[in-house]
């Protein structure tokens, strides 16, 4: 054993030596490989990303302490084509022999392959970073400029190259900041009285404040703030160039006196320029051309109308209701000019999805008024879409789908859009073993109607509650799908009526006035063919109690149903143990719930608060809340509608017992940007659905499940829970869910990223008809049944999406006895491999 340890140490030393030599393989004599940058600010080491970004040169990137891409680059030959040609001609007969054996074309392909692989090594790798004194000096200048711009006017920086032997060296940067300068007095010189009045009104918002340290960025922000305030207060001709700052530090004892000057407006008069005070402009007229094209310009208008102070014109017959367009226009006759009104008008007109990007022409008049002409070019009224898909899955060997769609714009002349989407697919079932059945035995088809109205469609006046700047929209949809030879075969009908609005840039609301779903199972006799694990459990119990012979199996569906009816009598048959009786009873309850038809009439409110400012923002939070009550309206109307009751005493509509429940979901996501493309992400989720009144359980479509690539990645989807039950069902679901996810994301090289993660969570049954103690949430003690998964993953960023591969290991499995739950299956053979698109949260 001792000799084996010595051999391992020797091998490790040899590998380290090889890598060490390989690092400087492409570094020429007289050159130095940059191994490290060290920055000291006032003799204190600074490792911040801000400081690192100021440097022009950085060492080769490392992965777990090793410059892998540098080693990859060094593996490539400098001139692979010359080397291959030299090898080919090294022996007189080699070229001819290869050509006779493989042909000249194959020899050329071999040459291209060798060169191509060599080029791939170069492109994927990273060349050695050679120390450049020119770049080091530029880094010093940038360090000094950074600290000067942040108030350390006497900052000085120096660099020193520290050689480490074997063509390696590091660079040490020393920055002496000196004393920071503080803002002292602030004086304003504003020539235009109206500008001075507006400035005084918003003066408290200034980014420049006395007794705060000088920062150049604050002056840029202040210049932008003043300009924005003035242009949003009617000062049409103003821009930032009219604002200047004078900085005085002479004899001020490390203080900065600031002088702000806002000049008058310059106007050219023949060969001279005179300055006049700025004035406030108002909107005189707003003209809207509804069918503008470049070819129509200059032609006379054929149609016009006047609505709420706006003038509408059309080269042909006007095809748009003025009210719908006015709802998207924020420029109002009689108001002062405001930049933000122009921006909101552009954005909201684009959101109508009826016009191309609008153009606004501004005409200035002598009486300090403005006429705006909004030129709208309609998009084509009809747009056709078409997509196809070829797929395979765990239920079909091969599948084809066809998805046509038709988009109709301005369908009711109010900028509404109607989309009709169809779906048709066929597939070959993996369970199709009969030669008499058609090869394509899976059929699915459906149609979906979606109407979008760019305002609230309501009999009540809502503009005082939800003004138009909140982008209110109404969505109405109707859908129908039918499936054959998929599960229990289903027909699904659905309808949704909802409102959407955004009070500000971070908050989005969605109010579903009603959401109706009707699911009809067409082939309930196939239940035990689909849920085979339940059938096997039932069949085993039938053998144990001698209900069938040892060489027999329960017939599907009749004999299996008869056995369930026999086993669940009260009192239970004496040959059944309590566990066997409970198992059969559980199978019976689950079968009844999954095979019964569902009628769900619900309403919901969903609010999302998203603090993310852009796609590149990695320091933000997202909060989501949803509440969904269902069945209350039908329950209140039961007597009025004289609804019939089924055998269980439940009210029915169209012979279907409607569902009654309340469902709530709360989710919080937080990202922390740790710098250097490292992000720590966290998510928490709580969901609960409580049945009551007309229901004692939650429909399958409204239940929660755990596991999968976007949940607990150590378990496949639907395989985790409920609770500590050792369920063998194909689909595990429940009405209470708790989940926590934490993930450290880091950059490896180029577009490759890595991650390590921990996922915690589970599902339970609560306040429903499930009696299995292991599957039921009974209080805080049930939190012992939280499942813990951990693992790592690799991501590749394609810019427009991220390809994700994760490996999850069962770290704490509640399906085991309490003393055996940790690390029982923590190995690659029991790991779960997940593939996903984009990040899980």
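Going by the conditions given, is residue 492 within 29 Å of residue 632 (Cα to Cα) and either surrounded by fewer than 17 Cβ atoms within 10 Å (Cβ to Cβ) or at pLDDT below 95 (or both)?
yes
Look at residue 587 and say whether it is touching a strand residue (DSSP E or B) at 6+ places or on another chain (Cβ under 9 Å), closer than 22 Å to residue 767 by Cβ and either assigned to a strand (DSSP E or B) or in contact (Cβ under 8 Å) with a residue 40 or more places away in the chain (or both).
no
Closer than 23 Å to residue 40 by Cβ and modelled with pLDDT under 90: does that describe residue 60?
It is true that residue 60 is closer than 23 Å to residue 40 by Cβ and modelled with pLDDT under 90.
From (1) farther than 22 Å from residue 598 by Cα; (2) in contact (Cβ under 8 Å) with a residue 12 or more places away in the chain; (3) touching a strand residue (DSSP E or B) at 6+ places or on another chain (Cβ under 7 Å), pick out the condition that doesn't hold for residue 674.
Looking at each condition in turn, residue 674 falls short on (2).
Can you tell me which residue in the stretch 495-523 is nearest to residue 352 (Cα to Cα), limited to those that are more than 34 Å from the chain's Cα centre (by Cα) and surrounded by 16 or more Cβ atoms within 10 Å (Cβ to Cβ)?
521
Going through 746, 740, 731 one at a time, which residue ends up being in contact (Cβ under 8 Å) with a residue 24 or more places away in the chain and assigned to a loop (DSSP other than H, G, I, E, B)?
Within the list 746, 740, 731, the selection yields 731.
Looking at (1) in a helix (DSSP H, G or I); (2) within 30 Å of residue 65 (Cβ to Cβ), find the lone condition where residue 819 falls short.
(2)
Suppose we filter the stretch 118-134 for residues that are under 39 Å from the mean Cα position of the chain (by Cα) and in a helix (DSSP H, G or I); how many remain?
The qualifying residues number 7.
Within the stretch 223-243, can one find any residue that is in contact with a helix residue (DSSP H, G or I) (Cβ under 9 Å, 6 or more places away or on another chain), within 23 Å of residue 148 (Cα to Cα), part of a loop (DSSP other than H, G, I, E, B) and in contact (Cβ under 8 Å) with a residue 24 or more places away in the chain?
no
Which of the following residues is buried (at least 18 other Cβ atoms within 10 Å of the Cβ), over 28 Å from residue 732 (Cα atoms) and touching a residue at least 24 places away in the same chain (Cβ under 8 Å): 601, 634, 594?
Of the residues listed, the single one that is buried (at least 18 other Cβ atoms within 10 Å of the Cβ), over 28 Å from residue 732 (Cα atoms) and touching a residue at least 24 places away in the same chain (Cβ under 8 Å) is 634.
Of the numbered conditions (1) touching a strand residue (DSSP E or B) at 6+ places or on another chain (Cβ under 7 Å); (2) more than 30 Å from residue 35 (Cα to Cα); (3) modelled with pLDDT under 95, residue 168 fails exactly one; give the number of that condition.
Single failed check for residue 168: (2).
Considering the stretch 761-792 alone, what residues qualify as being farther than 19 Å from residue 690 by Cβ, without any contact (Cβ under 8 Å) to a residue 60 or more places away in the chain and crowded, with 22+ Cβ neighbours inside 10 Å?
none
Restricting attention to the stretch 706-738, and to residues there that are at positive phi and surrounded by fewer than 22 Cβ atoms within 10 Å (Cβ to Cβ), which single residue is farthest from the chain's Cα centre (by Cα)?
If we take residues in the stretch 706-738 being at positive phi and surrounded by fewer than 22 Cβ atoms within 10 Å (Cβ to Cβ), then 718 is farthest from the chain's Cα centre (by Cα).
Answer yes or no as to whether residue 445 is outside any loop (DSSP other than H, G, I, E, B) and within 14 Å of residue 502 (Cβ to Cβ).
Spelling it out, it is not the case that residue 445 is outside any loop (DSSP other than H, G, I, E, B) and within 14 Å of residue 502 (Cβ to Cβ).
Return yes or no: is residue 389 in a strand (DSSP E or B), at pLDDT 90 or above, over 20 Å from residue 318 (Cα atoms) and within 29 Å of the chain's Cα centre (by Cα)?
Judged against the criteria, residue 389 is not a match.
Can you tell me how many residues within the stretch 656-670 are part of a strand (DSSP E or B) and closer than 19 Å to residue 516 by Cα? Reasoning before the result, please.
First pass over the stretch 656-670, keeping only residues part of a strand (DSSP E or B): 656-658, 661-670.
After this cut, where a residue has to be closer than 19 Å to residue 516 by Cα as well, the list is 656-658, 661-664.
Summing the residues that are part of a strand (DSSP E or B) and closer than 19 Å to residue 516 by Cα in the stretch 656-670 gives 7.
Of everything in the stretch 290-330, what is under 24 Å from residue 341 (Cβ atoms) and part of a helix (DSSP H, G or I)? Give them in sequence order.
Scanning the stretch 290-330 gives 322, 323, 324, 325, 326.
The values are calculated or read from the model by the stated rules, or taken from the named source; none is laboratory data. Keep in mind that what you see is a predicted model, and the values were worked out from it rather than measured. A quick note on method: Cβ atoms are made from the backbone with ideal geometry, for glycine too, and the neighbour counts reach across all protein chains shown.
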